[in-house]
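Quick notes on the structure that follows.
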Amino acid sequence: MEYDLIERRMGIWILVLAVAAWAVAQIIKVLVPLCREHRLDLERVFGSGGMPSSHSAFVCACSAATGQLCGWRSALFAISVVIAIIVMYDAANIRQAAGKHAKILNHMMAQWAEKGEMPSETQLKELLGHTPIQVIAGAALGIAIGLLGAMLAV
């Protein structure tokens, strides 16, 4: 009975650390333009894309905390790493390519709108994915938060 309670608390703590890493990454996305350009962009709080990758921070915090709390050789850690790799690959490759496609399509649609062939209010979201550096920065942030938070839990 006592083991189940400890295990449930670890699971909740891992989730809290993952969400905390996501939140810190999103806050950084707001603070960087604020410091550099003196521009407050609150859309960045919940938006995708940008530096650092909050998706990477989220899954890497989960993996690091899982490894620290459940064991580096546990099946849970292995599964969390597989999911983290898939998410980071998707962020740096598939979603980034989709953002580039959206940029090209927006340019084409703007040209068509100038000719009266398409309504100009149609705009695709361009900031979807991440560069490899943004993914690595998010991963490092997530690992740091996951490990430090897991050490505090023990």
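The values are calculated or read from the model by the stated rules, or taken from the named source; none is laboratory data. Because the structure is predicted, anything quoted here is derived from the model rather than measured. Don't worry about glycine lacking a Cβ; one is built from the backbone with ideal geometry, like all the others, and counts go over all protein chains shown.
Details
- Scan of the range 102-145 for residues that are modelled with pLDDT under 75, outside any helix (DSSP H, G or I) and closer than 25 Å to A25 by Cβ, ordered by number: L124, K125, E126, L127, L128, G129, H130
- Verdict on F77 being part of a helix (DSSP H, G or I) and either surrounded by 21 or more Cβ atoms within 10 Å (Cβ to Cβ) or modelled with pLDDT under 90 (or both): no
- Test result for A91, modelled with pLDDT under 85, within 17 Å of the chain's Cα centre (by Cα) and of a type in the set (A, V, I, L, M, F, W, C): yes
- Just one of the listed residues (I28, I6) is modelled with pLDDT of 70 or more, assigned to a helix (DSSP H, G or I) and either hydrophobic (A, V, I, L, M, F, W, C) or under 25 Å from A150 (Cβ atoms) (or both), and it is I28.
- The range 31-58 - residue that is crowded, with 19+ Cβ neighbours inside 10 Å and not in a loop (DSSP other than H, G, I, E, B) and, of those, modelled with the lowest pLDDT: R44
- Residues satisfying the stated conditions in the range 57-85, i.e. under 19 Å from the mean Cα position of the chain (by Cα) and of a type in the set (A, V, I, L, M): A57, V59, A61, A64, A65, I79, V81, V82, I83, A84, I85
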